Every structure is written in C-alpha cells, then in structure tokens.
Amino acid sequence: MANDIEYPILTLEPTACVADLPFIDYQNNTLFIDNVSTKTLTQTYGTPLYVYSKNALLANYQAYVESFNALNDVHICYAVKSNSNLAILATLANAGAGFDIVSIGELARVLKAGGQAQKVVYSGVGKTADDIATALNAGIGCFNVEAISEIKLISEVATKLGKVAPIALRINPDVDAKTHPYISTGLKDNKFGISHDNAIEAYRFAKNLPSIEIVGIDCHIGSQLTQIQPFVDTLDKFAKLIDELFAIGISLRHVDLGGGLGVRYTNENPASVSEYANALLPKLLDLQERYGLGLHLEPGRNISANAGVLLTNVDVLKPTEHKNFAIVDASMSELIRPALYGSVMAVIPTDLANDTTPQVWDIVGSVCESSDFLAKNRTLSLQVGDTLAITGAGAYGFVMASNYNTRPRPAEILCDNGTHRIVRERETLECLWQGEHI
Ligand code: LLP
C-alpha cells in the first residue's frame, strides 16, 4: 500500500522541473501558465485551483499527429477519462481529435463539447444493453469489445435497432507493461480484454453474428509506461494475429494500440512521442502496405498531464520532532494519485523569491486520513500563505476528485497565451447536498 512505500528526500530544482513542460515557466520569479501569472490566477479565483494551458494541450496532441504522419488513416482518440472538462474536450475536438470513452457519461460529454460520434471508440468492460443502444443511436465509430458475451449482446441490440455495429476486439496480449500494478491492464491476471489465446475463436464467433461489422483489433496494456518495448512486443503479437485473421478471411481496417505512454512527473525518463512512433512505424507501415490497416491510438495522460497544475495554498506549518508537516488547502479529495498509487508528483513554489531556509516537509491536506498526503520528504522553503504548484496534475487530477470530508471541488481554469477563463466553477457547499433529502 501507498503508506508502506519509502519516500527518499527529494530536492527538486523548480526551474529544471518546468524546463520540459510546454507553456509553463517562471517569469521574474513567478510561475506562469501559458503566459498567465499564477499570482493573478490565485487572486482572481482562489485556491485550490486546477489550471490548464490550452497551448500545451494542443502541442501535446499535435506531437502525436506529427509523429505518425507517415501513416495514412491515423485517429488520435484522446482518452476522455484523463481530463473530461468540456473546454478541454472542445479544444481537442476543434483540433481534429477523436475520443476514447469508457461510459455513456463520457460520450455525452464528448457530444456536448462538439465532438463527433463517428470519431469515438468505446472501451470498457461492463457495457449494458442500454449503453450499447445509446452508443449505436449516437453513431459511434467503434466498440472496443472486452468479452465474448459482449459481442453477443452488441449483436442482439444492433439487430433490434436495425443497425450494424462496428467492433474491434480488445485482445489482452499478456505483456508486462512494467508499471504500477493498479494501472497495468495487459496481463492475464487483469480483468481487461479477451485473452490472446482465445482471440481467433472470438473473431470467428463475431463473424457469424448478425448486425456486426468487424473493423479492428484493439488493446490497452497499461498506463504511465516509460519504456517502449512492451508496446513493440504487443504490436509484434498483433501482427501475427492479423496475418492469421486475414488468412481465414477476416479482414480488419485498423489496429488500436491504446494509450499508456508515460510522462515525467519528477525523475522518470519516459520515451518521447516521436521515439514511441519511430519504434512502431516500421511494423505499422508494413501492415498498412499489406492490409491497408489504419491506426487508432488512445493517449490520455500524455496529452493532458503536463498541460495542467494544481495550485494550493500553505495554510499551516507544523514542524514536529519527527517530521515537518505543511498543511495545504488541497488534499487527497482534490488529487488522489499520491494516496492511491504512491505517485510521486512534483511540488514547486509559485514564487522563487522566498528566502526562508529550506527544510524537509511532508505536504499534506486536512482530510482525516493518514493517507492524505500530496508529497513526502520534499526539500522546500515554505512560509504560511505561500502558493505551491503540483505539476503533472492535468491528467487524473480533477476527474478523480471527490467530495470526501464534504469539500467542494476546485474551480478549473483554462489559460491561453496571456488570457484566462473559468471552465468550471468552484463548487459551493449547496452543490454538495443537492439531491439529498432529510
Ligand atoms: N484506453 C483505455 C482503454 C484505458 O483504460 C486508458 C486508461 C487509456 C486509454 C488512457 O491511458 P493513458 O494514455 O492515460 O495512460 N488513474 C490512473 C491511470 C488509470 C488509467 C486507466 N486507463 C493514474 O492516475 O495514474
């Protein structure tokens, strides 16, 4: 569990932390997001506050488009779960992105934000008949099917509606993604996908069902992968399956390699998007040439994480004989990754002019749980009233926030080259008991 993890003392150099973050920098000692001062932001909107850079988001998306442009028919389907704010989705929809969804709620968000249903792929292990009907009626691009029983259900629902359902089978390749066990999804032990050994049988089964059009093969092997090899191994396994499928008369239009490419939070050294593309392109080009296969990808974190920060105010400093605690106004309710996975995220000052003697601090919230920490053993110069920034918070930050301890969720702000606008209001206390009855 997270609390058993050892956290060595970590001293981060703030300017080095932001050096490779697009559109986040220090200007005259103050942290700026997309050319907006964090001081202006906290004075205008308060803390805790999620802040996103529109231009970072677009640059991260564009890196995928450019890195894979040697291929035809590439669909970058942004994983909505990583950050589903309507403004984020609208920004990406306008740039041409498709979307990977895992619920009808996410489909509704995509449509509300102006995304096109035909550019949506629908993953997820527990689709119900109602979910399937809603997605079919909306005209989604593809169901990523996770089980044989799901193929049957999709066929039944589509037949009833007089529609044809495009499907790709999510094959679990049994490849070790070498990431945190909670976010590893491509091993035999994981609940996801149809096992590699049963893949051909599942395709044969699908081929004989009415109202089904087989269009692809899909996987998602895990998240925050820093190495490329597991992706390459998966594609190798898929290439063999694709040969077998075409040989028995089952043709596909695309291969979907899921999301999962990691980002740097502190000291990781993840492969870049272009390195990832260069490792996969030879095989993908070969599949394109031989079978005309297009490519779908489902990146989430790689597009949204480093486009966002969480700003939080230092409320209380509590040095003890054993440890120093800095109690901030964000907590596990607003950002659960450290508590849930033991994630190590960078915490940096928004004002570099502070000359207090640096000390080692645990950065904690005020939620009544010992797992409520945002960072442990960080060397920082802190004073009450300082604002800290947690970087990499654009993905799996706000979307995983809760109201635990009856805490209103933060506002979200989108910055765009010197301008800022609120894209989600801070919740009020009244919001928190809306729909409740005494
Ligand atoms: N496609 C599917 C089917 C997925 O399940 C996921 C993420 C993605 C794409 C996007 O993966 P990404 O590119 O973001 O790695 N809450 C965890 C991450 C859970 C990821 C779940 N699936 C975290 O905070 O680290």
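Just to be sure, is Ile194 assigned by TED's automatic domain parsing to the domain that holds Leu285, crowded, with 18+ Cβ neighbours inside 10 Å and over 23 Å from Ile303 (Cβ atoms)?
So Ile194 passes the test.
Which residues, counting only those in the range 119-136, are within 12 Å of the ligand (Cβ to nearest atom), in a loop (DSSP other than H, G, I, E, B) and crowded, with 22+ Cβ neighbours inside 10 Å?
Across the range 119-136, the qualifying residue is only Ser123.
Which is over 30 Å from Leu161 (Cβ atoms) and within 11 Å of the ligand (Cβ to nearest atom), of Leu287, Leu235, Leu261, Leu281?
Testing whether each residue is over 30 Å from Leu161 (Cβ atoms) and within 11 Å of the ligand (Cβ to nearest atom) leaves just Leu261.
Taking the range 93-110, which residues are surrounded by fewer than 17 Cβ atoms within 10 Å (Cβ to Cβ) and outside any loop (DSSP other than H, G, I, E, B)?
Asn94, Gly105, Ala108
Identify all residues within the range 407-420 that are under 23 Å from the mean Cα position of the chain (by Cα) and either without any contact (Cβ under 8 Å) to a residue 24 or more places away in the chain or outside any strand (DSSP E or B) (or both); write none if there are none.
Result: Pro408, Arg409, Pro410.
Can you find a residue in the range 154-170 that is of a type in the set (D, E, K, R), part of a helix (DSSP H, G or I) and either within 16 Å of the ligand (Cβ to nearest atom) or more than 16 Å from Leu209 (Cα to Cα) (or both)?
no
Based on what the data block shows, is Glu244 surrounded by fewer than 24 Cβ atoms within 10 Å (Cβ to Cβ) and more than 16 Å from the ligand (Cβ to nearest atom)?
yes
Go through the residues of the range 137-151 one by one and say whether even a single one is within 15 Å of the chain's Cα centre (by Cα) and either touching a residue at least 12 places away in the same chain (Cβ under 8 Å) or away from the ligand (no atom under 16 Å from the Cβ) (or both).
no
Looking only at the range 81-92, which residues are farther than 15 Å from Asn60 by Cβ and in a helix (DSSP H, G or I)?
Passing the criteria: Lys81, Leu86, Ala87, Ala90.
Given the criterion at pLDDT 95 or above and touching a Ser or Thr at 6+ places or on another chain (Cβ under 9 Å), identify the matching residue among Gly308, Gly294.
Exactly one of Gly308, Gly294 is at pLDDT 95 or above and touching a Ser or Thr at 6+ places or on another chain (Cβ under 9 Å), namely Gly308.
Filter the range 193-242 for residues that are assigned to a helix (DSSP H, G or I), within 19 Å of Phe143 (Cα to Cα) and β-branched (Val, Ile, Thr) and give the result.
Within the range 193-242, Ile200, Ile242 meet the criteria.
Ala177 passes all but one of (1) over 29 Å from Leu111 (Cα atoms); (2) assigned to a strand (DSSP E or B); which number fails?
In the conditions (1) over 29 Å from Leu111 (Cα atoms); (2) assigned to a strand (DSSP E or B), Ala177 misses (2) alone.
The values are calculated or read from the model by the stated rules, or taken from the named source; none is laboratory data. None of the values given here were measured: they were computed from a predicted structure. Please note: Cβ atoms are built from the backbone with ideal geometry, for glycine as well, and neighbour counts cover all protein chains shown.
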